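Please read the structure below before turning to the comments.
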2 protein chains.
Amino acid sequence: MSLFKVVSGKYLRFKLGLTPQQNLFYGFLTYVSMGTLLLCIPWFHKSSVAFIDNFFIATSAVSTTGLATVSVLDSYNFFGQFIILVLIQLGGIGYLTFTTFMILSTTRKMTRWHKNILKTEFTLPKTIEIKDFLKSVIFFTLAMEIIGTILYFIAFKKLELNFFDTLWNALFHSVSAFCTAGFSLFSNGFESFSDDFLVNTTTSLLAIAGSLGFIVVTDFVLSIKKKDHHLSFTTKIILVGSAVLLLFGFMFFFFFEPVIKNLTGAKRMWAAFFQSMSAMTTVGFNTVDFGAFVMPMLLVTIFLMYIGASPSGTAGGMKITTLTAVIAIMKSRLRNTQRITFFGRIIPYERLFVATSSFIFYTSLIALGTFLLSFLEDFHLEDLLFEVSSALGTVGLSTGITGDLGTWGKLVIIALMFIGRLGVLTFGLAIWAKHHNNPKNHPIRDDIAV
Amino acid sequence: MSLFKVVSGKYLRFKLGLTPQQNLFYGFLTYVSMGTLLLCIPWFHKSSVAFIDNFFIATSAVSTTGLATVSVLDSYNFFGQFIILVLIQLGGIGYLTFTTFMILSTTRKMTRWHKNILKTEFTLPKTIEIKDFLKSVIFFTLAMEIIGTILYFIAFKKLELNFFDTLWNALFHSVSAFCTAGFSLFSNGFESFSDDFLVNTTTSLLAIAGSLGFIVVTDFVLSIKKKDHHLSFTTKIILVGSAVLLLFGFMFFFFFEPVIKNLTGAKRMWAAFFQSMSAMTTVGFNTVDFGAFVMPMLLVTIFLMYIGASPSGTAGGMKITTLTAVIAIMKSRLRNTQRITFFGRIIPYERLFVATSSFIFYTSLIALGTFLLSFLEDFHLEDLLFEVSSALGTVGLSTGITGDLGTWGKLVIIALMFIGRLGVLTFGLAIWAKHHNNPKNHPIRDDIAV
Ligand SMILES: [K+]
Ligand SMILES: [K+]
């Protein structure tokens, strides 16, 4: 028996002995490690980049956050940028979507174990066929990113770059937007395009589609096309919730943010809509400077980043479904009713328990992250809370302090981005859950994904 | 039938038609209104005080918070100060303890309706006899306040005031400490007594006893005196929780707060202990200036104020029992266990539901209050969050912005102090709960008070 067989056999047994949560954990950890090592190779640099910054950028890319301690444009050459784009794509499409697709296309076998992991990552309804689902996700992703690239290519023509640079910018921003990563190759993000109709609509389309995710988008499209197809309860909640949050942010930014109130006509509308969309979908692009926002508007943005979007997409945050369950609990408590309902439906206790745990964990982690940063950094609380909410929600917006963080501060943000992408509960279970391969240990999942 | 009988008959029917929560609400509202009106009479002023400030001080006194927009010493004469002390005592001992005592001592009758209200305010175990309980509470309160007055009288001798002023100061601070109100007649609180052994110990004794409440203190004393008396589960949790929180604050302040680290020997120990005790018991006195604290230590203080102490005492905050249940939920979630335990006991689901609702409501209200203030005031987030946590937790500590708040900002803090004293859930139920006099509507209360 060769050494290779011993090692690979041991690896396989190690892997199969892990819980789904632990597998996701090690999967993302592998991506981040490999990405960091690759980005450390000087061949990919335009100018020298410290290890901690390569580590930061790799984690930010895999977690689709988009926070950056150094400028991607000025620090990495084309090949470096390409590696970052691959990391974004891998992180966005998900470790397991990718590996399961690879296994499917080579062996056509799909183990029950893999299905469990996939369901942990996507909180899928039980009825969906994993194989068809994966094919469709890959197709959906590629189709959206190609459409995005074409639209951006047209929009970026006015920059008067050569054909290749225009195409590269278009592709990079398309993938970055659809994966809700928000990495940009422009020094001030999309601030030069704040009233560009095509850039505003393309980015919103990609980010909203990516943040809602394949299942919700398909459900929505089918319900428009086919008369006999009815929206699922979860899809309804996610669509209504997203619309309400978008409008909430839009109204506040439009009426109360001086930076946006100073703009005129369509420009003011677009600016209010784009920043609200950016925080809600957690894409994290910006067309105005958040560092200039007044404090109550920073709090509105923090709230949107804190909630995030749909649990079936690439977005981070506590998720709209969790917020829904939390609101239902508050309503029932105030009305003193025994059954907890939303939109006239009774929400099962197990679901409520998952939602309240998510709320408690997510809120505690934001408090803990902010507390740690307050020891390490000398910024005001609003800046720290904004940065932490942005990292844990994998949003990538900042009041401008990211580059000024010390090494320990960067490590805190790296940890938050990683936990945010994995999901707070998944991370906790990967680290602390004791048992494995015991079906009893997987939380019961019902009709509504939380 | 005289007009008086008609009116009083209507009032009685109105009162009996109310839920216990609504009765507490109107009771405290009556105290605040009467207090405000009395304090507005110029006879009680040393210098002119605006209506909003009289309203603020009256609410702060009834809610036993201790935040002040004007100096009590410089604005009110002896009679004004006496009114404030009466409001503190009424607020501290509770609207219903007082009215029920009055009813008992005149009619010797105790209706089931009154018992329900009392249990709503104090979350009493079912077994306690209301009548004996009330007598004992009054006795306990008077005894503690007399002891406190004597000890303070000795401590305040060094101020070299005349006999009456020394006695008045001793009485005022004793009542203020035991009711965890934290109002002071000294311009800089207890800062001149930062290393005075007697003031430190007397204040701590009164505030800890008051914040734990009669039931916990009695249970504790009995368990020391009598060998066959065992501490109840709730008392155990509250005592251990208080000790842990006290130590938590002490360690952070002792090792990380520059203002306290600069002190030497016993003075440093006392300063760290006193500020931790002050935030945890929500008494809100201070021997050092919180305005000079570094940001992470403000966050530690906010955390202590946010939790507060025992549900059976005069302290505000989310309560230690709620924190306990929340920690139990997090632990069970991470370990993937079905039953939720703490100290080896299974916590019933109804109790967990009350605890998570409290957590959600309390946290949301702090966020909402801070958001509202951020629109109205131009301070940094750490100052606003500190002020809001202090008001809702009825603590009374401040980084020094209280006096600089605008009228609308003062109104927000007034509302928070009022809701904080009433209890967030009680307030919500008083306003929104639809049904009344239906036993099903009172949440099931079990062995652990939350
Ligand atoms: K992002
Ligand atoms: K107080």
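If you go through the range A:139-176 and keep only what is within 20 Å of A:ALA315 (Cβ to Cβ) and surrounded by fewer than 17 Cβ atoms within 10 Å (Cβ to Cβ), you end up with A:LEU142, A:ALA143, A:ILE147. Annotation: B:VAL300 fulfils all but one of (1) among the β-branched types (Val, Ile, Thr); (2) within 16 Å of ligand 2 (Cβ to nearest atom); (3) under 30 Å from B:PHE353 (Cα atoms); the unmet one is (2). Against the conditions (1) buried (at least 19 other Cβ atoms within 10 Å of the Cβ); (2) within 10 Å of chain A (Cβ to nearest Cβ); (3) modelled with pLDDT under 85, B:ALA449 satisfies every one except (2). I'd like to check something: does the range A:190-201 contain any residue that is of a type in the set (Ser, Thr, Tyr), modelled with pLDDT of 95 or more and surrounded by fewer than 24 Cβ atoms within 10 Å (Cβ to Cβ)? Yes, that holds for at least one residue. For the range B:49-122, which fully contained helices (runs of 4 or more DSSP H) count at least 1 residues that are within 15 Å of ligand 2 (Cβ to nearest atom), modelled with pLDDT under 90 and surrounded by 18 or more Cβ atoms within 10 Å (Cβ to Cβ)? Where helices (runs of 4 or more DSSP H) fall fully within the range B:49-122 and carry at least 1 residues being within 15 Å of ligand 2 (Cβ to nearest atom), modelled with pLDDT under 90 and surrounded by 18 or more Cβ atoms within 10 Å (Cβ to Cβ), they are B:78-93.
Any residue at all in the range A:289-306 that is away from ligand 1 (no atom under 16 Å from the Cβ), more than 9 Å from chain B (Cβ to nearest Cβ), more than 23 Å from A:TRP270 (Cβ to Cβ) and within 23 Å of the chain's Cα centre (by Cα)? No, every residue in the range A:289-306 fails to be away from ligand 1 (no atom under 16 Å from the Cβ), more than 9 Å from chain B (Cβ to nearest Cβ), more than 23 Å from A:TRP270 (Cβ to Cβ) and within 23 Å of the chain's Cα centre (by Cα). B:GLU382 falls short of the stated requirement of being more than 7 Å from chain A (Cβ to nearest Cβ) and acidic (Asp, Glu).
Pairs are defined by a Cβ separation below 7 Å, a sequence spacing of at least 6 or placement on different chains, a first member in the range A:359-372 that is at the interface with chain B (Cβ under 9 Å from one of its Cβ atoms), and a second member that is not in a helix (DSSP H, G or I); the pairs so defined are A:PHE359/A:MET318.
Residues checked against (1) under 30 Å from A:LEU185 (Cβ atoms); (2) crowded, with 24+ Cβ neighbours inside 10 Å; (3) touching a His at 6+ places or on another chain (Cβ under 8 Å):
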{"site": "A:HIS230", "(1), (2), (3)": "no, no, no"}
{"site": "A:PHE233", "(1), (2), (3)": "no, no, no"}
{"site": "A:VAL244", "(1), (2), (3)": "no, no, no"}
{"site": "A:MET269", "(1), (2), (3)": "yes, no, no"}
{"site": "A:PHE273", "(1), (2), (3)": "yes, no, no"}
{"site": "A:MET297", "(1), (2), (3)": "yes, no, no"}
{"site": "A:SER310", "(1), (2), (3)": "yes, yes, no"}
{"site": "A:GLY316", "(1), (2), (3)": "yes, yes, no"}
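Against the conditions (1) within 16 Å of ligand 2 (Cβ to nearest atom); (2) of a type outside the set (Lys, Arg); (3) in contact with a Gly (Cβ under 9 Å, 6 or more places away or on another chain), B:PHE274 satisfies every one except (3).
Residue under question is B:PHE252, and the condition is that it be in a helix (DSSP H, G or I), within 14 Å of chain A (Cβ to nearest Cβ) and either within 22 Å of the chain's Cα centre (by Cα) or modelled with pLDDT of 90 or more (or both); does it hold? So B:PHE252 fits the description; yes. Looking only at residues of the range A:147-187 that are within 25 Å of A:GLY420 (Cα to Cα) and not hydrophobic (A, V, I, L, M, F, W, C), we find that the one that is farthest from ligand 1 (Cβ to nearest atom) is A:SER174. The criterion of being under 26 Å from A:ASP74 (Cβ atoms), surrounded by 20 or more Cβ atoms within 10 Å (Cβ to Cβ) and in contact with an Asp or Glu (Cβ under 8 Å, 6 or more places away or on another chain) holds for A:THR399.
Residue count for the range B:154-208, restricted to those that are away from ligand 2 (no atom under 16 Å from the Cβ), of a type in the set (A, V, I, L, M, F, W, C) and either touching a strand residue (DSSP E or B) at 6+ places or on another chain (Cβ under 7 Å) or within 19 Å of B:LEU73 (Cβ to Cβ) (or both): 12. Against the conditions (1) away from ligand 1 (no atom under 16 Å from the Cβ); (2) β-branched (Val, Ile, Thr); (3) buried (at least 20 other Cβ atoms within 10 Å of the Cβ), A:ILE327 satisfies every one except (3).
Which residue is modelled with the highest pLDDT, if the candidates are limited to the range B:406-443 and must be more than 8 Å from chain A (Cβ to nearest Cβ) and in a loop (DSSP other than H, G, I, E, B)? Only one residue tops the list, namely B:GLY406. Looking at A:MET280, is it within 15 Å of ligand 1 (Cβ to nearest atom), at pLDDT 90 or above and closer than 30 Å to B:LEU352 by Cβ? When the stated conditions are applied, A:MET280 does not pass them. The single condition among (1) in contact (Cβ under 8 Å) with a residue 40 or more places away in the chain; (2) away from chain B (no Cβ under 14 Å) that A:ARG268 does not meet is (1).
The values are calculated or read from the model by the stated rules, or taken from the named source; none is laboratory data. On a predicted model such as this, the values are computed, not experimentally measured, just so you know. Here Cβ is always computed from backbone atoms with ideal geometry, including for glycine, and neighbour counts include all displayed protein chains.
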